[in-house]
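Heads up: the structure comes next, in structure tokens.
The values are calculated or read from the model by the stated rules, or taken from the named source; none is laboratory data. What you see is a predicted model; the values in this text were computed from it and never measured. Heads up, the Cβs are rebuilt from the backbone with ideal geometry, glycines too, and the neighbour counts pull from every protein chain shown. Surface areas here come from the heavy atoms of the whole protein model, side chains and all, with no ligands, DNA or RNA. Shrake-Rupley method; radii C 1.70, N 1.55, O 1.52, S 1.80 Å.
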Amino acid sequence: MKWVKENVPQTALSAEQRRLVEDIRKAEQELTEAEWRFHHALGEDYVDYAVYCLEAAEKKLDMLLKQAKWHWGRHAALAEKEGAG
């Protein structure tokens with residue numbers, strides 16, 4: 001899947017970056033809540049649910065961080081290419 005097109009205006013990239021930052025902050029909050037839920041889980045079913053939430057929150061944050069790393073790396077490469085050309 002291609003997230004950034006070659007001819008995307010600078011303002012669109014900034015909007016995408018802002019969206020990613022907001023999504024990452026939200027995912028960090030979800031992970032914090034999932035960790036709290038895990039540490040305060042009582043009963044086998046609640047522990048299972050807490051583990052599921054914790055794993056999901058970790059995977060979501062990891063996915064978003066990978067996406068941001070790719071996006072910022074791609075953006076930097078395009079900026080370098082434009083500066084050299």
Practice task
Please work out how much accessible surface ASP45 shows to a 1.4 Å probe, ignoring ligands, DNA and RNA, in Å² rounded to 10.
Solution key: 120
Fill in the blank from the handout: Rounded to the nearest 10 Å², the accessible area of HIS71 using a 1.4 Å probe with every protein chain kept is 0
Problem - For segment 15-79, with +1 on Lys and Arg beta carbons and -1 on Asp and Glu, the positive-most of HIS39, ALA68, TYR49 along the dipole - result: ALA68
Handout entry: Under Karplus coefficients 6.51, -1.76 and 1.60, residue-wise ³J(HN,Hα) of segment 63-73 in Hz, glycine/proline x
Key = 4, 5, 5, 5, 5, 5, 4, 5, 4, 5, x
Completion exercise
Per the C-alpha gyration tensor (a ≥ b ≥ c, the square roots of its eigenvalues), segment 15-85 is rounded if a/c is under 1.5, else prolate if a/b beats b/c, else oblate; here it's prolate
